[in-house]
Amino acid sequence: MNLKTLADEKSTLQICWIVLGFICLGLSLSPVIDGDGAARYLDLVNIAKGEKPIDKFSSLQMILAMPLYYLGGLLGSPEVWVGYFNLIVFATALSSLWFLLPKDRRFAVIVLLMSAAMLPHHIRYFYGEVLSVMATMVGLVCLYQRKHLTAALLLGIGAAQTPATLPALSLVLLYTAFKTRKIWYGFYLLIPIIITLGDNWFKYSTPFFSAYLQAGEHGAKTIMPYSGLPGFSYPLFFGVLSVLFSFGKGLSFFAPGLFLRWNLPQTTDSDQPFVKLIDLQLVFLLGLIATYSRWWGWYGGQFWGPRYLLFASVPACFLLAYFTSQSTRSFSRQIFYLVAVILSGWVCVQGYLYGNSDLAICGENKSALELLCWYVPEFSPLFRQFVIGFHEVPINRLLYAAWCIVTVLTILTNRAPRGTRFSV
């Protein structure tokens, strides 16, 4: 049996394992349309009726979900079918990575995004972050590979879906323009700007209006000193500390793989393109942190984890996949890598099985105690079950959790073969 046959057989087994994961995920998902998702769905219904959307969210997701709405209408359950929108987006984006990423790392990246990331929890809801993150993730890969038309379209969709990510996209394009000495990368911004202005015109009859920046867009006044203020009013210093290190919302707990970048082993020539792609993702994440650390609702409301920083799972998983393929690591790197993988796996499993189901206290008294879920470890969703116990969950969800656990253990005990270059 030659090497090509062995490689083909290995790829087939990898595809089968990924497909099995998606089958377990799809059968156990039980999508929910509530909260912001319910408002988005109502806007989708209004658009389908030929009426204007009434909420503040981008209309892009509703338009893209329209085929599922009509299909569901034919089958008598449009809301159920629309609930699977984010799963379809997730599967489509990860399938594209199979063809875009180097053969020696694509499997690790894909299964880590499925088993050691915040994403599985998010795709249960009809919220807007999954579409924005998946479009941006694939768009950045295409940007690095100089697939300009595809990159411009996907990055445009990602930023238009969540206009607050425009500063992060601008930072990435500025970074790329500086690296390549090509200023025309700035034209990438035209697509999201045009879509956003057009959407505003459609909803408000004027392109220069944002409901997010109105005085009424603020949280409840609580004991927290900067609560009740609108817009980008949160002090940057405290916002960054909270976004990075708070027990219930901090990236150091929900995406620990990010910090592997600061202890990166010496790269070879074949490693450098993959690392440069990760750095591109980290530049985008830096822009998100700088933006949302100033937002009055940096914590993402009563949603599980750092909702607005879901993109952090992307570079975190790419970094974990990079370390997985390293044949030599120092002892300290091995320990840090081991902790990061295990914690990331728990983030995924806990979010999918429990989420915020045992944290109702944080919404009581007009969210006066919500700060407990941000800063106190006993009220962090990641540690809550160790305080109150592990209650029963649906058996089909346990099957997906088992797939995640087996995947993480496989990643820990096997290293991907090296040698395939990431050509651009």
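Of all residues being part of a loop (DSSP other than H, G, I, E, B) and either open to solvent by 30 Å² or more (accessible area, probe 1.4 Å) or among the hydrophobic types (A, V, I, L, M, F, W, C) (or both) in the range 275-298, which is nearest to residue 245 (Cα to Cα)? Just the residue, please. Let's see the steps before the verdict.
Here is the first cut: in the range 275-298, the ones part of a loop (DSSP other than H, G, I, E, B) are 293-298.
Now narrow it down to the ones that are either open to solvent by 30 Å² or more (accessible area, probe 1.4 Å) or among the hydrophobic types (A, V, I, L, M, F, W, C) (or both): 294-296, 298.
Working: 294: 16, 295: 17, 296: 17, 298: 13 Å.
Ranking the qualifying residues of the range 275-298, first place goes to 298.
Scanning the range 379-400 for residues that are polar (S, T, N, Q) and either in a loop (DSSP other than H, G, I, E, B) or closer than 27 Å to residue 252 by Cα (or both) returns 380, 385.
Out of curiosity, is residue 13 over 17 Å from residue 126 (Cβ atoms) and at pLDDT below 95?
Working: over 17 Å from residue 126 (Cβ atoms): yes; at pLDDT below 95: yes.
Here the answer is yes, as residue 13 does meet what is asked.
Can you go through 136, 162 and tell me which one is in contact with an Asp or Glu (Cβ under 8 Å, 6 or more places away or on another chain) and closer than 25 Å to residue 190 by Cα?
On the way: 136 fails: in contact with an Asp or Glu (Cβ under 8 Å, 6 or more places away or on another chain).
Among 136, 162, only 162 is in contact with an Asp or Glu (Cβ under 8 Å, 6 or more places away or on another chain) and closer than 25 Å to residue 190 by Cα.
What about residue 370, is it open to solvent by 70 Å² or more (accessible area, probe 1.4 Å) and at pLDDT below 95? For residue 370, the condition - open to solvent by 70 Å² or more (accessible area, probe 1.4 Å) and at pLDDT below 95 - is not met. Residue count for the range 316-353, restricted to those that are farther than 30 Å from residue 26 by Cβ, surrounded by 16 or more Cβ atoms within 10 Å (Cβ to Cβ) and without any contact (Cβ under 8 Å) to a residue 60 or more places away in the chain: 0. Say we look at the range 207-219 and pick out the residues that are open to solvent by 40 Å² or more (accessible area, probe 1.4 Å) and assigned to a helix (DSSP H, G or I); which of these is nearest to residue 58 (Cα to Cα)? Going through the qualifying residues, I end up with 212. The set of residues in the range 257-274 that are open to solvent by less than 10 Å² (accessible area, probe 1.4 Å) and either touching a helix residue (DSSP H, G or I) at 6+ places or on another chain (Cβ under 6 Å) or of a type in the set (A, V, I, L, M, F, W, C) (or both) comprises 257, 260, 274.
Within the range 330-349, the presence of at least one residue that is assigned to a loop (DSSP other than H, G, I, E, B), of a type in the set (Ser, Thr, Tyr), within 30 Å of residue 274 (Cα to Cα) and out of contact with any helix residue (DSSP H, G or I) (no Cβ under 8 Å at 6 or more places or on another chain) is confirmed. When only residues in the range 299-315 that are of a type outside the set (A, V, I, L, M) and assigned to a helix (DSSP H, G or I) count, which is surrounded by the most Cβ atoms within 10 Å (Cβ to Cβ)? Filtering the range 299-315 for residues that are of a type outside the set (A, V, I, L, M) and assigned to a helix (DSSP H, G or I), the one surrounded by the most Cβ atoms within 10 Å (Cβ to Cβ) comes out as 313.
Kindly indicate which of 222, 150, 176, 165 is within 29 Å of residue 52 (Cβ to Cβ) and β-branched (Val, Ile, Thr). Please lay out each step first, then the result.
Numbers: 222 fails: within 29 Å of residue 52 (Cβ to Cβ); 150 fails: within 29 Å of residue 52 (Cβ to Cβ); 176 fails: within 29 Å of residue 52 (Cβ to Cβ).
Unique residue meeting the criteria: 165.
Of 47, 88, which residue is in contact with a Pro (Cβ under 8 Å, 6 or more places away or on another chain) and either under 26 Å from residue 25 (Cβ atoms) or at pLDDT below 95 (or both)? None of the others qualify; the one that does is 47.
Across the range 220-251, the number of residues qualifying as closer than 30 Å to residue 325 by Cβ and surrounded by fewer than 15 Cβ atoms within 10 Å (Cβ to Cβ) comes to 1. Looking at (1) open to solvent by less than 40 Å² (accessible area, probe 1.4 Å); (2) farther than 24 Å from residue 112 by Cβ; (3) of a type outside the set (S, T, N, Q); (4) in contact (Cβ under 8 Å) with a residue 24 or more places away in the chain, which is the only condition residue 404 fails? Failing condition for residue 404: (2).
The residues in the range 133-150 that are out of contact with any Leu (no Cβ under 6 Å at 6 or more places or on another chain) and open to solvent by 10 Å² or more (accessible area, probe 1.4 Å) can be counted, and the count is 6.
Within the range 373-392, work out how many residues are over 18 Å from residue 242 (Cα atoms) and open to solvent by 30 Å² or more (accessible area, probe 1.4 Å). Talk me through it step by step, then tell me what you get.
Residues of the range 373-392 that are over 18 Å from residue 242 (Cα atoms), as a first pass: 384-392.
Subsequent filtering for residues that are open to solvent by 30 Å² or more (accessible area, probe 1.4 Å) retains 384, 386-388, 390-392.
Qualifying residue count for the region: 7.
The values are calculated or read from the model by the stated rules, or taken from the named source; none is laboratory data. Everything quoted here is computed from the prediction, not taken from an experiment. As a convention, Cβ positions derive from the backbone with ideal geometry for all residues, glycine included, and neighbour counts pool all protein chains shown. In case anyone asks, the SASA skips ligands and DNA or RNA and just uses the protein heavy atoms, side chains included. Shrake-Rupley method; radii C 1.70, N 1.55, O 1.52, S 1.80 Å.
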